[in-house]
Amino acid sequence: MSDHESPDPEKSGYIGPLDDTDPDEFVAAGDAVYTALLSRLGEAAPQPRLSATRRVVELLGDPQRAYPVIHITGTNGKTSTSRITESILRAYGLRTGLFTSPHLERLNERIVIDGEPISNEALAANWADIEPFLQIVDGELETAGEPRITFFEALSVLAFASFADAPVDVAVIEVGMGGEWDSTNVADGQVAVITPISLDHTSRLGNTVEEIARTKSGIIKPVSHVVSALQPEGALSELQRAAELTESTLAVQGEQFRLTSSAVGVGGQVVSIKGLAGTYSDLFLPLYGAHQAQNAAVAVAAVESFLGGGTHELASDVVNEGFATVTSPGRLQLVGIEPTVLVDAAHNPGGAEVLAVAITEYFTFDKVVAVLGVLADKDVEGIVRALEPVVTEFVVTDAPSDRAVDADSLAAIVVGIVGRDRVTVEPEFERAMEVARDSADEAERGAVLVTGSITLVGEAITLAAAEKWKP
């Protein structure tokens, strides 16, 4: 997936207990943290600055320096690469922290400690620890005529403090947007990982892959290890330049390491990878899509770089365990059967393209009904054109965000690309899902695919669980 979608706070994420019988007495306290974050400038408007976050962590005693960091940026594949990297490290017996964005159902998903979302109790306790310092810096910023600490700046500080409190042996930190001025960049990553770069968030990051790569290369710190996925030539040149300036080592997919094979398997795929220091053969990866196999190769190189500077082979049985236990919610995730319901958080053309390829390679559907909702700052035409070859019909709906393209306007764009006979408009999401599932049920091997918006995917996961579409 791309730099996080920055969903509307008021409608992005589930607040409250996961179900009516949730016994967690700290649910309300966890909800209060999210409510407090929502009072701040939202993720749709990140501030291009590091000084504010740096000031808060300095007051806190620099919790981000309490553990080593693997820092991950890119346009697509950041979250999955982060999750695979963390899973391998945890299989090695390390206590891990994982910070990703956005969440699909609940804020706790973004701060993961040793493989589990942070508890509501710990979330609330760590928030209580940092909030006075946020307020101090808020006052300083307001005096200087600058915006207060933002949602994502505060959340980054909360993650760093939570990992120090846990404590963790290593933190895998996913960039929110860009890199150079992203609030996570107050941490100094021993390993910087760059997943595939393409055009996204052009109004903030630049109109060319070179400009975007320049911003993302800002996470590369002096004398660090840099691991890069396959990149467009212009982007790679910027990464090479940044590595030279910082006297860092650069390992590039296809040169220093590579995916050597992948084959479709039941529930995922079997992959073989030539890493920086070792070869890892016939590993089961319970994720669909060739792009996930590529992400896995990058993750292996990242862990090799972290544990042995890229010179020591990893234990194959540990890598196998790390792969076997990895999950990537919202990425070609099965949430329903009879009919099959898949969700995928693709919300830019690059993500939609790899999704379309994966649908073709890993499934044998004779009908695919896409439930589509997209936010207004996204390339709607690019997304639809990428999906059109594999989608039989589109059910267009409103994504749960005030920034969503309304269903009628979105439908007009889709109709212009695929034709009127392949498009149905159902603004109300639950009704859209009902129509799509009924249509898919008409085919022998029909499926519903929910995509186009992370907020929509989160809504689908919640609905599927509530209605028990999958045993």
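Assorted remarks:
- Test: residue in segment 330-343 that is farther than 28 Å from residue 425 by Cβ, touching a residue at least 40 places away in the same chain (Cβ under 8 Å) and out of contact with any Asp or Glu (no Cβ under 6 Å at 6 or more places or on another chain): no
- If you go through segment 263-301 and pick out every residue that is over 20 Å from residue 354 (Cβ atoms), surrounded by 21 or more Cβ atoms within 10 Å (Cβ to Cβ) and touching a Ser or Thr at 6+ places or on another chain (Cβ under 6 Å), you end up with 1.
- Evaluating residue 353 against the criteria (1) in contact (Cβ under 8 Å) with a residue 40 or more places away in the chain; (2) surrounded by 17 or more Cβ atoms within 10 Å (Cβ to Cβ); (3) not assigned by TED's automatic domain parsing to the domain that holds residue 90 leaves one unmet condition, (1).
- Leading residue by the ranking (farthest from residue 346 (Cα to Cα)) among those in segment 34-88 that are free of Cβ contacts under 8 Å to residues at least 40 places away in the same chain and outside any helix (DSSP H, G or I): 61
- When residue 105 is tested against the conditions (1) at pLDDT 95 or above; (2) among the charged types (D, E, K, R); (3) under 26 Å from residue 178 (Cα atoms), the lone failure is (1).
- Criterion applied to 191, 168, 157, 172 was being touching a Lys or Arg at 6+ places or on another chain (Cβ under 7 Å) and assigned by TED's automatic domain parsing to the domain that holds residue 224, and the one residue passing it is 168.
- Residue in segment 308-323 that is under 22 Å from residue 460 (Cα atoms) and not in a helix (DSSP H, G or I) present: no
- When residues of segment 135-165 are limited to those that are small (Gly, Ala, Ser) and either in contact with a His (Cβ under 8 Å, 6 or more places away or on another chain) or farther than 18 Å from residue 103 by Cα (or both), the one surrounded by the fewest Cβ atoms within 10 Å (Cβ to Cβ): 145
- Residue match in segment 170-185 (condition: surrounded by fewer than 21 Cβ atoms within 10 Å (Cβ to Cβ) and farther than 27 Å from residue 314 by Cα): yes
- Scanning segment 399-423 for residues that are crowded, with 19+ Cβ neighbours inside 10 Å and over 18 Å from residue 346 (Cβ atoms) yields 407, 411, 423.
- Of the criteria (1) surrounded by fewer than 21 Cβ atoms within 10 Å (Cβ to Cβ); (2) under 29 Å from residue 312 (Cα atoms), which one residue 132 fails: (2)
- The C-beta contact set for segment 374-401 (first residue under 12 Å from residue 422 (Cβ atoms), second residue in a loop (DSSP other than H, G, I, E, B) and not polar (S, T, N, Q), distance under 7 angstrom, 6+ apart or interchain) comprises 395/426.
- In the set 234, 254, 218, 275, only one residue is at positive phi and either out of contact with any His (no Cβ under 6 Å at 6 or more places or on another chain) or not assigned by TED's automatic domain parsing to the domain that holds residue 177 (or both); that residue is 254.
- Among the candidates 85, 35, 73, 53, residue that is surrounded by 24 or more Cβ atoms within 10 Å (Cβ to Cβ), out of contact with any strand residue (DSSP E or B) (no Cβ under 9 Å at 6 or more places or on another chain), modelled with pLDDT of 95 or more and on the phi < 0 side of the Ramachandran plot: 53
- Scanning segment 430-447 finds one or more residues that are part of a helix (DSSP H, G or I), modelled with pLDDT of 95 or more and hydroxyl-bearing (Ser, Thr, Tyr).
- Residue match in segment 399-420 (condition: out of contact with any Cys (no Cβ under 6 Å at 6 or more places or on another chain), more than 30 Å from residue 42 (Cα to Cα) and assigned to a strand (DSSP E or B)): no
- Residue count for segment 89-134, restricted to those that are part of a helix (DSSP H, G or I) and under 15 Å from the mean Cα position of the chain (by Cα): 4
- You will find that of 464, 460, 404, 436, the residue that is touching a residue at least 24 places away in the same chain (Cβ under 8 Å), touching a Gly at 6+ places or on another chain (Cβ under 7 Å) and within 20 Å of residue 331 (Cα to Cα) is 464 and no other.
- The single residue among 365, 429 that is of a type in the set (Phe, Trp, Tyr) and either within 28 Å of residue 268 (Cβ to Cβ) or surrounded by fewer than 17 Cβ atoms within 10 Å (Cβ to Cβ) (or both) turns out to be 365.
- Check on residue 296, modelled with pLDDT of 95 or more and in a loop (DSSP other than H, G, I, E, B): no
- The lone criterion from (1) in contact with a helix residue (DSSP H, G or I) (Cβ under 6 Å, 6 or more places away or on another chain); (2) on the phi < 0 side of the Ramachandran plot left unmet by residue 289 is number (2).
The values are calculated or read from the model by the stated rules, or taken from the named source; none is laboratory data. Small disclaimer: the values here were computed from a predicted structure and weren't measured. A quick note on method: Cβ atoms are made from the backbone with ideal geometry, for glycine too, and the neighbour counts reach across all protein chains shown.
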